[in-house]
Amino acid sequence: MRVDWSRPARDDLVEIRGFISRDSQHYAEQFTRRIVLATRRLRDFPDSGRMIPEVGEHDLREIIVQSYRVMYRRESNRVLILAIMHGARQFTSELLNP
């Protein structure tokens, strides 16, 4: 299965990396790498994430990486990363519409 990133999800990752790099470039790179590696497992295990509680749809899932929610949609031939957000942020359904 292929893992693709939506433009908003890529923008989220760049923004998060920039925020962390204000304090430490090293930790910003390490965190970015951790997110990317976590999404790679979805190639083989696309249903390994939990259903997003606020939505409750089987195909909309998330994996947790540290304090961040990596939200994705499982499609027939791919996984599409939709958004990355800090767990403390208020969830809105607009996050899932790339």
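The values are calculated or read from the model by the stated rules, or taken from the named source; none is laboratory data. On a predicted model such as this, the values are computed, not experimentally measured, just so you know. Here Cβ is always computed from backbone atoms with ideal geometry, including for glycine, and neighbour counts include all displayed protein chains. Heavy atoms of the whole protein, side chains included, go into the accessibility calculation; ligands, DNA and RNA do not. Shrake-Rupley method; radii C 1.70, N 1.55, O 1.52, S 1.80 Å.
Computed over protein heavy atoms with a 1.4 Å probe, the accessible surface of the chain works out to 61 Å² per residue.
The angle between the Cα long axis of helix 25-40 and the longest principal axis of the Cα atoms of the chain comes to about 10 degrees, rounded to the nearest 10. Sparse packing (at most 14 other Cβ atoms within 10 Å of the Cβ) combined with a DSSP loop state is found for the following trypsin sites (Lys or Arg not before Pro) in segment 1-48: 22. Near residue 65, the amide H atoms lying under 5 Å from its own belong to 70; only residues 5 or more places off or on other chains count, and H is placed 1.01 Å from N.
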